[in-house]
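Structure first, then comments.
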Amino acid sequence: MAFIVSSSAQHKDQAALIDDASEFWLSYAELQDKITLVAKPLSAFSRSLVLVPGANDIPSVVAYLASVEAGHAVMLVEPDIAAERLDILLNAYRPELIV
């Protein structure tokens, strides 16, 4: 996350993420704060495989970046994954965490 940290220091008030659908945005400083908040409880776990249902939205990006920040490997899946397909992935890869 060195990029986010350095960008947050240099451009803390500039837009880092923009959600076109809602027109909501986060500055680099806000993004770093959210990543840190979500990564903290994830850091309590040893390096794990984390499943992140990832949409094209700010919460999904934060969940992904926080998982990486906490030192985990991430398996990104579509947010509306069919239950049968999700079961196959869960049984095959056995992620320790789902964010």
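One residue stands out among those in region 1-19 that are more than 23 Å from residue 99 (Cβ to Cβ) and modelled with pLDDT of 80 or more: the one that is least open to solvent (accessible area, probe 1.4 Å), which is 15. Does region 14-37 contain at least one residue that is over 30 Å from residue 93 (Cα atoms) and touching a residue at least 40 places away in the same chain (Cβ under 8 Å)? Yes, the conditions are met somewhere in region 14-37. The condition of being of a type in the set (S, T, N, Q), at pLDDT 95 or above and either in contact with a Pro (Cβ under 7 Å, 6 or more places away or on another chain) or open to solvent by less than 80 Å² (accessible area, probe 1.4 Å) (or both) holds for residue 67. Quick one: what pairs do we get from region 78-89, first residue more than 12 Å from residue 51 (Cα to Cα) and open to solvent by 60 Å² or more (accessible area, probe 1.4 Å), second polar (S, T, N, Q) and at pLDDT 95 or above, C-beta under 9 Å, 6+ apart or different chains? That search, which allows pairs on different chains as well, returns nothing. Taking region 90-99 as the range and being within 25 Å of residue 37 (Cβ to Cβ), at pLDDT 95 or above and open to solvent by 30 Å² or more (accessible area, probe 1.4 Å) as the test, only 96 passes. Among the residues of region 42-58, the ones that are out of contact with any helix residue (DSSP H, G or I) (no Cβ under 9 Å at 6 or more places or on another chain) and either closer than 14 Å to residue 98 by Cα or open to solvent by 60 Å² or more (accessible area, probe 1.4 Å) (or both) come to 5 in all.
The values are calculated or read from the model by the stated rules, or taken from the named source; none is laboratory data. If you're wondering where the values come from, they're calculated on a predicted model, not measured in any experiment. Cβ coordinates were reconstructed from backbone atoms using ideal geometry, including for glycine residues, and neighbour counts include every protein chain displayed. The area values use the complete protein model at the heavy-atom level, side chains included, leaving out ligands, DNA and RNA. Shrake-Rupley method; radii C 1.70, N 1.55, O 1.52, S 1.80 Å.
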